[in-house]
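What follows is calculated from the coordinates using simple rules that are stated; it is not laboratory data. No experiment lies behind these values; they were computed from the predicted model shown. We place every Cβ from the backbone using ideal geometry, glycine too, and count neighbours over all the protein chains shown.
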Amino acid sequence: MSDLLIELFSEEIPARMQARARDDLKSIMTNGLVEAGLTYASAGAFSTPRRLVLSIEGLSAESKPVREERKGPSASAPPAAIEGFLRSTGLTLDQLERRADKKGETLYAVVEKPGRAASVIIAEVLENTIRTFPWPKSMRWGSGNLRWVRPLHSILCLLSDDSGGEVVALNIDGIQSGNTTAGHRFLAPARFPVTGFDDYVVKLKRAHVVLDSAEREAEIWQGAQNLAFAAGMEVVEDKGLLAEVAGLVEWPVPLMGRIAETFLTLPPEVLQTSMKEHQKFFSVRNPKTGRIEGFITVANTETADHGETILKGNQKVLSARLSDAKFFWENDLRMAKAGMQEWLDGLKSVTFHNELGSQMDRIARIEGLVGHLADKVGADLVQALRAARLAKADLRSSMVGEFPELQGLMGMYYAQAAGETESVAQAIKEHYSPLGPTDDVPGAPVSIAVALSDKLDVLTGFWKIDQKPTGSKDPYALRRAALGVMRLILINSIRTSLVMHFRQGLAMHAAVDTVTPALDLLAFFHDRLKVFLKDQGIRHDVIDACLAMPGNDDLTLLVKRADALAAFLKTEDGPNLLQGFKRANTILSQAEVKDGVEYSYGADPKFAETDEERALFAALDQAEAQITPAMRREDFAGAMAAMASLRAPIDAFFTAVQVNSDNPIIRRNRLNLLHRIRAICSGVADLTKIDG
């Protein structure tokens, strides 16, 4: 067994592309090697800004010989058919085997391929990998045809075992593979040889390169925390920024600077966003004041002055950036205190979608939906309408123009400056939420009303113009909007009819037919709900059983029913009762088809012949007396607990009684008794849809 080390050394790889590139290099190379007949024990991929690395351990020395056998045409087939088969196999006619079968003789091609050395296979697979690597963007340079994310400088390809290392020879557009690499661009640029992966990692670190991105992240975070702690401050956690910065440096050196006092009046989110987006700085917060008062920058080198010059340069650029942000903020505050009417007027010229009108048209529709929803969620109508009117105003502000990700949040600040109530300001901030499956869900009634209305307008609008998600394509994020509606409703236990709100939204889009698209949109919601509940451990068949019941556009009711059914089926009685129900339903359904009648006219206990039969009558009476009021209270768990009491008498009934008696009166009575079982059990959920 051998170990393989590959390094593809280039100019700086964009940080956002590195994680995917690591995964692609590992999967493409290992799949290619395995398809060519090699085996391996383990593989790991790594990246820095200047290198993409793959380490494979326990690689077999050669591929095994392969014997392939292909069946061809009949020996008496037309010459053209035989010639085509010969071309596909690369053999001549005298190399084919003839085998007798029922139809005469059939031609067979038997091809034996000898095993090949690992080095030969590696060279082929690596060249193909490099030439076809799936970079999101790639480039050519010089006079060659090779494409790579940035100019590729060298290829290290080393196959090693206990006896030493062997360079796997390949030449790609003049780049000859070898066993050397280079260290840090400034601190250790000289090239040096390596003998294997462990040697490679150690020598890289001596040359001021930390290979593992996770290790770089840990060093950056620990260094940043140490600097902040020493100053009595704390670093604002940002895992996305941490991963990005780790992809920008090979030798991370965190440095801490202070933000000038003149900028500390800016909202903390503005400071964080500006520093993150423009300069990849971490924000440092003063826990005593709650303000963002400092920053952490991560240099890619060590300097004699311990980063002082780097910090001065960064602070100069930061001051210029924050001066712009301060100008935007102060200008926007003046507009907000004047009532934001100029912004609202400006929304008339901001197109939301060419078939759905402007942002001002959207506001009018959202206001209309809020009018229907406010009472359902317990929101003050006046406050909710005011929040809906101002929800999109900040889209015309300078700050949101510079940082679109702050929309909603800046609207809250501007509403507060304008003297709006806190519930209105909060609703403006939260009306885009939740943005994803883990985002916080608004809980204040006014916020819920506006957030729901915003998402319902988007969904009904795009449904009206038939711009629905297809396959993996969802350009208008309608799946996310649907998930947002579901989470708003479920987490806040809102009881309402989705179809009613869909029709209201479609009517505001001037839809001629509101019924058909509303039902289609409900089906879309049901599909999304299945995904949502599956992630929470509820089986698809349980959801289907509940979707088949009345009120399936009331999501809170629907999920309450599904939770109860899922819990019931996990009990000992659940699966057993399900089998009894299915047996009763099968016998009854077959009899109804055979006899052409429906056995639903009431079973009479006076025709019962056995104690088990009479016991089932009594059990059904008792269960029905408990299930009916429980269902009225929507106490599905209670109804299913009562239903569970039927398990034993149903089992005993089927053990002791033959339903299809020779006596037609007894048979009819027992079939009507089975109908009672079906009716009582089906009142909770459609159990016919449950698997097993």
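Can you pull out the chymotrypsin sites (Phe, Trp or Tyr not before Pro) in segment 41-143 whose DSSP state is coil and whose Cβ has at most 16 other Cβ atoms within 10 Å?
Trp141
Please turn the phi angles of segment 564-576 into ³J(HN,Hα) values with the Karplus equation 6.51 cos²θ - 1.76 cosθ + 1.60 (θ = phi - 60°), one per residue in order, whole Hz, x for glycine and proline.
For segment 564-576, the Karplus-derived couplings read 5, 5, 4, 5, 4, 6, 8, 7, 5, 6, x, x, 5 Hz, x marking Gly and Pro.
Just to verify a number: FRET efficiency for Gln176 and Glu68, C-beta to C-beta distance, R0 = 35 Å, to 0.05?
The computed FRET efficiency comes out at 0.50.
How much net charge surrounds Ala545 when only other residues with a Cβ under 15 Å from its Cβ are counted (Lys, Arg +1; Asp, Glu -1)?
Summing Lys and Arg as +1 and Asp and Glu as -1 gives +4.
Under 19 Å from a label point 7 Å along Cα→Cβ of Arg140: give me every residue in segment 161-189 with its amide N that close.
Those under the cut-off are 172-175.
At Val382 and Lys113, where each label point lies 7 Å from the Cα along Cα→Cβ, what is the point-to-point distance in nanometres?
Each label point lies 7 Å from its Cα, and together they span 8.1 nm.
Multiply the residue separation of Ile465 and Glu11 by 0.36 nm, subtract the distance between their alpha-carbon atoms, and state the gained length in nm to one decimal.
158.8 nm
Taking the Cα centre of segment 568-689 as the origin and placing charges on Cβ (Lys, Arg +1; Asp, Glu -1), which of Pro649, Thr586, Ala630 is farthest toward the positive end of the dipole?
The one lying farthest along the dipole's positive direction is Thr586.
Just want the answer: with Cβ charges of +1 for Lys and Arg and -1 for Asp and Glu, which residue in Leu91, Pro78, Val317 is farthest toward the dipole's positive end in the chain?
Of Leu91, Pro78, Val317, it is Pro78.
Along segment 166-180, what does the Karplus equation 6.51 cos²θ - 1.76 cosθ + 1.60 (θ = phi - 60°) give for ³J(HN,Hα), rounded to whole Hz, x for Gly and Pro?
Those phi angles translate into 10, 6, 7, 7, 7, 9, 10, 6, x, 8, 8, 5, x, 10, 10 Hz.
Read phi for every residue in segment 544-556 and hand back ³J(HN,Hα) as whole Hz from Karplus 6.51 cos²θ - 1.76 cosθ + 1.60, θ = phi - 60°, with x for Gly and Pro.
Working through the residues one at a time gives 4, 5, 7, 5, 6, 8, x, x, 6, 9, 9, 4, 5 Hz.
Of the labelled options (1) 101, 95, 51; (2) 74, 63, 44; (3) 99, 64, 60, which one gives Cα extents along the principal axes in Å as computed for this structure?
Label (1) holds the value from this structure.
Multiply the residue separation of Asp23 and Lys312 by 0.36 nm, subtract the distance between their alpha-carbon atoms, and state the gained length in nm to one decimal.
Once the chain is fully extended between Asp23 and Lys312, it gains 100.2 nm.
Leu93 versus Gln658, label points 7 Å from Cα toward the beta carbon: distance in nm?
7.3 nm
Classify segment 538-586 as rounded, prolate or oblate, taking a ≥ b ≥ c as the square roots of the eigenvalues of its Cα gyration tensor: rounded when a/c is under 1.5, otherwise prolate if a/b is larger than b/c and oblate if not.
Because a/c hits 1.5 or more and a/b fails to exceed b/c, segment 538-586 counts as oblate.
Is any residue of segment 397-419 close enough, with backbone N under 12 Å, to a label point placed 7 angstrom from the Cα of Ser349 along the Cα-Cβ axis, and if so, which?
none
Roughly what would the spin-label model give for Lys280 and Ala299, points 7 Å off Cα along C-beta, in nm?
Roughly 1.6 nm, to one decimal.
Once you order the gyration tensor axes a ≥ b ≥ c over the Cα atoms, which shape class does segment 361-472 get: rounded for a/c under 1.5, otherwise prolate or oblate by comparing a/b with b/c?
oblate
Using the crude model of +1 on Lys and Arg Cβ and -1 on Asp and Glu Cβ, and no other charge, please compute the dipole size for segment 344-536 relative to its Cα centre, in debye to 20.
Computed about the Cα centre, the dipole is about 420 debye.
Let a ≥ b ≥ c be the square roots of the eigenvalues of the Cα gyration tensor of segment 444-542; is it rounded (a/c under 1.5), or, if not, prolate (a/b larger than b/c) or oblate?
Note, shape of segment 444-542 comes out oblate.
Under 5 Å between amide hydrogens, which residues at least 5 positions from Val168 or on another chain qualify, with H placed 1.01 Å from N in the peptide plane?
Cys157, Leu158, Leu159
Exactly which GluC sites (Glu not before Pro) in segment 271-330 are in a DSSP loop and have at most 15 other Cβ atoms within 10 Å?
Glu302
If you take the beta carbon distance between Asp162 and Phe192 as r and set R0 to 22 Å, what does 1/(1 + (r/R0)^6) give as a FRET efficiency, to the nearest 0.05?
That pair, Asp162 with Phe192, gives E of 0.45.
Full-extension gain between Ser497 and Asp474, please, as 0.36 nm times their residue separation minus the C-alpha to C-alpha distance.
5.8 nm
Suppose only helical runs count, i.e. DSSP H with n ≥ 4. What mean residue ellipticity at 222 nm does that imply for the chain under -39500 (n - 2.57) per run, divided by all residues and rounded to the nearest 500 deg cm²/dmol?
-16500 deg cm²/dmol
So which trypsin sites (Lys or Arg not before Pro) in segment 354-442 end up in coil per DSSP with only 13 or fewer other C-beta atoms within 10 Å?
none
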